[in-house]
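These notes concern the structure reproduced below.
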Amino acid sequence: MPPRILFAANDQRWAQYEAPLRAALAEAEIEARLDCDLSDPGGVDYIIFAPNGPVEDFTPFTRARMVQNLWAGVEEVVGNPTLTIPLTRMVDTGLTEGMVEWCTGHVLRHHLGMDQMLAAQDGIWRHFEFIPPLARDRRVTVLGLGALGAAVCASLVGLNFQVRGWSRRPKSLPGVESFHGDDLPKALEGAEIVILLLPYTPATDGILSTDALTQLAKGAVVLNPGRGGLIDDDALLAALDTGQVGHATLDVFRTEPLPPEHPYWAHPQVTVTPHIASETRPSTASRVVVENIRRAEAGEALLHLVDRSAGY
Ligand SMILES: NC(=O)c1ccc[n+]([C@@H]2O[C@H](COP(=O)([O-])OP(=O)(O)OC[C@H]3O[C@@H](n4cnc5c(N)ncnc54)[C@H](OP(=O)(O)O)[C@@H]3O)[C@@H](O)[C@H]2O)c1
């Protein structure tokens, strides 16, 4: 019997993913039944999952061997008590490239002071006192050195930025001064730009706190394409108001969509982007999903297995 794959995400995602998934299955020469039919959960072998889709209770999927999350972040499913089979998350070249481009673009925006130039398109040829330092003299700290953080570090190192990084366990990345565990203050000390690429877990909730913000250089820039819960919002707003933080570009929020009355929208030193830093790309992501199904069928180790105790 060919394996049965249930696509458990909303209809819009099915429209985006059906053709690339079928193409990836054909490419891998895997014969499988792929559909969104929830009527026979006991007959499902693999579940392709996204939050806010039709599946919340995994109990009826008695035969299922793997849940493949379509997104990189798993905070909405990792604690589901009905999920007892392996959970894998998305690491996708398209997603990674998109994140590198978003982060590099926003770092350069602030590094080069682009906002000043955009605000001065009024026919007056000014003499600007502001000469940006070279990247080699700009300190950038990346919190989270996983699939995305490591790739962002590589891009920034390639542009000569002084890059520091922080992770849970020790990490060695070319050109990056790495810190881990309790050394967060050292990783942040004097940083002029900080990028949050951590997963949202109990250990990272509110990690960008008043104490953490105090470590940064005065007027530092915060970029958050990770998760909204990484930031203590009151602490950040206070730091923006005192000038300890000069600007925050925020892509993710504790509540999404960000409510219209939230102070971030109106704050002159905040840029809000609507969780668009990087999207999973169906064509490349489908190959990752299918490779994991191939591995499961062959009894091989799964890619990007979530460590349930660590929460990511
Ligand atoms: N805005 C968007 O469009 C978008 C798109 C994709 C992803 N994201 C977000 O980006 C996050 C990162 O993705 P990823 O694929 O790079 O994840 P990943 O490969 O799992 O990497 C996570 C990194 O965070 C570190 N970390 C986790 N808990 C920590 C802790 N308590 N203290 C210090 N470091 C800790 C890990 O340390 P170790 O190396 O020691 O494990 C690892 O370096 C996702 O979880 C998601 O929230 C956002």
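Restricting 236, 240 to those that are in contact with a helix residue (DSSP H, G or I) (Cβ under 8 Å, 6 or more places away or on another chain) and of a type outside the set (Gly, Ala, Ser) reduces the list to 236. Could you tell me whether any residue of the stretch 203-218 is open to solvent by 40 Å² or more (accessible area, probe 1.4 Å) and in contact with a Pro (Cβ under 6 Å, 6 or more places away or on another chain)? So far as the stretch 203-218 goes, yes, one or more of its residues are open to solvent by 40 Å² or more (accessible area, probe 1.4 Å) and in contact with a Pro (Cβ under 6 Å, 6 or more places away or on another chain). For the stretch 79-89, a residue qualifies if it is part of a loop (DSSP other than H, G, I, E, B) and either more than 10 Å from the ligand (Cβ to nearest atom) or surrounded by fewer than 21 Cβ atoms within 10 Å (Cβ to Cβ) (or both), and the qualifying residues are 79, 80, 81, 82, 83, 84, 85, 86. Flag: residue 173 matches the condition of being over 14 Å from the mean Cα position of the chain (by Cα), among the hydrophobic types (A, V, I, L, M, F, W, C), open to solvent by 30 Å² or more (accessible area, probe 1.4 Å) and within 16 Å of the ligand (Cβ to nearest atom).
For the stretch 232-272, residues that are surrounded by 15 or more Cβ atoms within 10 Å (Cβ to Cβ), assigned to a loop (DSSP other than H, G, I, E, B) and either within 16 Å of the ligand (Cβ to nearest atom) or of a type in the set (A, V, I, L, M, F, W, C) (or both) total 6. For the stretch 116-149, a residue qualifies if it is over 28 Å from residue 206 (Cβ atoms), in a helix (DSSP H, G or I) and open to solvent by 20 Å² or more (accessible area, probe 1.4 Å), and the qualifying residues are 116, 117, 118, 136, 137. Scanning the stretch 279-312 for residues that are touching a Pro at 6+ places or on another chain (Cβ under 7 Å) and within 16 Å of the ligand (Cβ to nearest atom), which turns out nearest to residue 8 (Cα to Cα)? Checked the stretch 279-312; the qualifying residue nearest to residue 8 (Cα to Cα) is 282.
In the stretch 145-156, the residues that are more than 10 Å from the ligand (Cβ to nearest atom) reach residues that are assigned to a helix (DSSP H, G or I) with C-beta atoms within less than 6 angstrom, at least six apart or across chains, in these pairs: 155/100; 155/104. Contact map, the stretch 188-204: first residue of a type in the set (D, E, K, R), second residue open to solvent by 20 Å² or more (accessible area, probe 1.4 Å) and in a helix (DSSP H, G or I), Cβ cut-off under 8 Å, separation 6 or more or different chains; pairs are 189/215.
Could you list, in sequence order, the residues of the stretch 1-31 that are of a type in the set (A, V, I, L, M) and buried (at least 18 other Cβ atoms within 10 Å of the Cβ)?
5, 6, 8, 9, 21, 24, 25 - these are the residues of the stretch 1-31 that are of a type in the set (A, V, I, L, M) and buried (at least 18 other Cβ atoms within 10 Å of the Cβ).
Selection of first residues in the stretch 222-237 that are closer than 19 Å to residue 74 by Cβ and of second residues that are hydroxyl-bearing (Ser, Thr, Tyr), restricted to Cβ pairs under 6 Å at least 6 apart or on distinct chains, gives the following pairs, ordered by first then second residue: 227/200; 229/200; 230/204.
The values are calculated or read from the model by the stated rules, or taken from the named source; none is laboratory data. Source: prediction; values computed, not measured. Here the Cβ is made from the backbone with ideal geometry for all residues, glycine too, and neighbour counts use every protein chain on show. For accessibility, only protein heavy atoms count, side chains too; no ligands or nucleic acids. Shrake-Rupley method; radii C 1.70, N 1.55, O 1.52, S 1.80 Å.
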